[in-house]
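The values are calculated or read from the model by the stated rules, or taken from the named source; none is laboratory data. No experiment lies behind these values; they were computed from the predicted model shown. A quick note on method: Cβ atoms are made from the backbone with ideal geometry, for glycine too, and the neighbour counts reach across all protein chains shown.
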Amino acid sequence: MSDRKINEECAVFGVSLKNDEAAGVIYNGLLALQHRGQEGCGIAVINDNQIHCLKDVGLVSEVFSSERLDMMPRGNVAVGHTRYSTTGNNNKDNVGPFVTDYLTGRIATAHNGNITNAIDIRNELKDCGLMFGATSDSEVVSSLIAYCITKEKDTMAGIISASLRLRGAFSLIIASGLNKLIAVRDANGFRPLCIGRNEFGFAASSESCALHACGFNFLRDIKPGEFVMIEDGEITKEGVWLSEKRNSGGLCIFEYVYFARSDSVIDGLSVYEARVKMGSALAKEYPTDADVVCGVPDSGLDAASGYSLESKIPLVSGFVKNRYIGRSFIYPTQTQRNSAVNMKLTPLKSAVEGKRIVLVDDSIVRGTTSARIVKSLKDAGAKEVHMRISAPPFRHPCHYGTDIDSEENLIANKMSIEDIRRLIGADSLGFISIEGLTGACAKCERSFCTACFTGNDTTFKANKMIFENNVK
């Protein structure tokens, strides 16, 4: 596992409008959701009952230049996708949306999540004569939906039938060649999905921040197990069809820690408010004598604010972030690659020199990045650096689309907290407790999945058992 942030698979965005500007709206929505996936993106537009799809590897602004965006046909229904890969290689074939033909039509499917029984479904569909051109589980989802629509002879019935077969995490937005837009959230609601409205129609999005960016008023979160169908800019069907709680899963709590943008609201809870409360919990659980508090940009900033408010220790900007060094920046030597963090984050010497610092970040993956950040502060003259982390230690892999390494490679399973502290060079180290984290998110209207921290992965075990029993 490379030394980088924990990542999560994809963002989805779809619109059904009364005008024909769907492609441009999707583009803006994907820009607002770029933080959820930077490996590839795509847009599929419905035009005269045909689906036109353009996708490639790269950032949204790289894939869709103004010239390429102008090539997209006009249409009032479209879906978009940004990808971070957890299954399948990073190539164009694995980027969404996936367009699938069936006997009476076509669909374009954008998927956020991870399907735990995708291999079994793929093999079953292959036995039925279906062909696959990618290695992503999202292609399996789209193919299964198309297959079930053909069997049921009805779009909504086919999507429900397919969803009942899927195990794991799936927030889906599906565009039908018949100008229908359908949004679906799995029965456990592992990944967020919401809808908004403006004078031109409706949008469905992974996060509310993209709705606001595109001029839609947030309407509500889509409920776990719910399907919403939109036609001609109006909701025509909505309801919970996957209502049976087969297990004890819930919303991935790391949405609030890191994945989601601060200005989003998920299942009734402001992401910003949750992060501030995480910082407050850290200050209560791990107080220390210090002169200033600073956060690691960008994900540690809100929790740092909460730590400062609770501890009454002044908050300062500890770093200057170079926002123009992107993923394509070339590091010619290994030494430069190893010190790349210093090129992106430069300590603000006038704010940290001679100070005892509380440094707040969202997670520690392998420790090397944290070590470089701590060293850079001390090189800038910091007297002490006390590190506080707004997530508990990762101890278990995730089966639902979060890119967490195997247990033997996770630092918390190889070292004690004290050993990690020595490795990163901090004067003290504190991870928020699971009780502190869930307490900070108490206003959420949902239960949480915390299996990556606690190992309480009853959902995966239950899904696996259901599939095995069905096969028998």
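Couple of notes before you dig in:
- Test: residue in segment 137-146 that is among the charged types (D, E, K, R), over 10 Å from Thr109 (Cβ atoms) and crowded, with 21+ Cβ neighbours inside 10 Å: yes
- Considering segment 169-247, the qualifying strands (runs of 3 or more DSSP E), each wholly inside and each with 1 or more residues that are surrounded by 21 or more Cβ atoms within 10 Å (Cβ to Cβ), run over 180-185, 194-198, 201-205, 217-221, 226-231.
- Residues in segment 28-52 that are in a helix (DSSP H, G or I) and surrounded by fewer than 24 Cβ atoms within 10 Å (Cβ to Cβ): Asn28, Leu31, Gln34, His35.
- Among the helices (runs of 4 or more DSSP H) confined to segment 348-460, the ones with at least 3 residues that are more than 30 Å from Leu166 (Cβ to Cβ), at pLDDT 90 or above and under 27 Å from the mean Cα position of the chain (by Cα) are located at 368-379, 434-440.
- For segment 88-124, the tally of residues that are of a type outside the set (S, T, N, Q) and in a strand (DSSP E or B) stands at 12.
- Test result for Gly105, surrounded by fewer than 24 Cβ atoms within 10 Å (Cβ to Cβ), under 20 Å from Gly133 (Cβ atoms) and not aliphatic (A, V, I, L, M): yes
- Close pairs from segment 444-466: first of a type in the set (Gly, Ala, Ser), partner surrounded by fewer than 16 Cβ atoms within 10 Å (Cβ to Cβ) and modelled with pLDDT under 85, Cβ under 6 Å, at least 6 apart: Ala462/Arg246
- Cross-chain or 6+ apart pairs with Cβ under 9 Å, segment 59-84 first and closer than 8 Å to Val45 by Cα, then in a loop (DSSP other than H, G, I, E, B) and among the aliphatic types (A, V, I, L, M): Ala78/Met72
- Filter pass, Phe254 being at pLDDT below 95 and in contact with a His (Cβ under 9 Å, 6 or more places away or on another chain): no
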